[in-house]
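Following: one structure in structure tokens, then a few remarks.
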Amino acid sequence: LNFSTWDFKNGIGYDYFANFYYIPLDITLLPFFLLPFLSYSQLMWLSFLLKILLGTACFTYLLKLYKLDHKTILFMAFLYGSADLFFAQNVFASYTGLIIYIPLILIAIELIFQKNNYLIFSLVIFQIFLFNYYWAWNLSLFMALALLGRCIYQFFTKKNILTEKPYKEMTWVLSKS
């Protein structure tokens, strides 16, 4: 159960094209700070499991915001967690940007529309650029497209699209975001 050099490079962060190391300062480094007496391979596994658990928890809350029933949420969360186990271990161990931040972005966008709460959206943007800057460009593009898609969905599901109110609401959400 020891991590290879390839896993080490991707766990800390290594860009094979630009040939430089980067350190993603996200929540998954918590085991390294709290349990420094453990071996490096044990800390990598704890970080890996924490990443999977946090990503699955975020995805589960997202499905709850979408108002799905409990059996569907449980089944989808199981699928998401097991897919994360496969991808994060066998493709890139540093995929925190995809495992945790994509559900967080979707949660923040959904909270804007359901509860008019922009705080979580601001915190997610702050975290993406501060803690995981390697994925910031890709995630910011995804965030812009997801927000635009959600605005368009909200626009077409309103009953009163012949009035000017949904146009103003959509413009307000996009400009404030």
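The values are calculated or read from the model by the stated rules, or taken from the named source; none is laboratory data. In this text, all values refer to a predicted model and were calculated from it rather than measured experimentally. Backbone-built Cβ (ideal geometry, glycine too); neighbour counts: all protein chains shown. Side chains are part of the model used for accessible areas, which takes the heavy atoms of the whole protein and leaves out ligands, DNA and RNA. Shrake-Rupley method; radii C 1.70, N 1.55, O 1.52, S 1.80 Å.
What the table shows:
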| item | result |
| --- | --- |
| Residues (part of a loop (DSSP other than H, G, I, E, B) and either open to solvent by less than 80 Å² (accessible area, probe 1.4 Å) or in contact (Cβ under 8 Å) with a residue 12 or more places away in the chain (or both)) located in the stretch 65-76 | TYR66, LEU68 |
| Selection count where residues are in contact with a helix residue (DSSP H, G or I) (Cβ under 7 Å, 6 or more places away or on another chain) and small (Gly, Ala, Ser), scope the stretch 145-175 | 1 |
| Test for ALA136: is it at pLDDT 85 or above and in a helix (DSSP H, G or I) | no |
| Leading residue by the ranking (least open to solvent (accessible area, probe 1.4 Å)) among those in the stretch 36-64 that are farther than 21 Å from ALA77 by Cβ, of a type in the set (Ser, Thr, Tyr) and in a helix (DSSP H, G or I) | SER41 |
| Of all residues in the stretch 55-78 being within 12 Å of LEU106 (Cα to Cα) and among the aliphatic types (A, V, I, L, M), the one that is nearest to the chain's Cα centre (by Cα) | LEU62 |
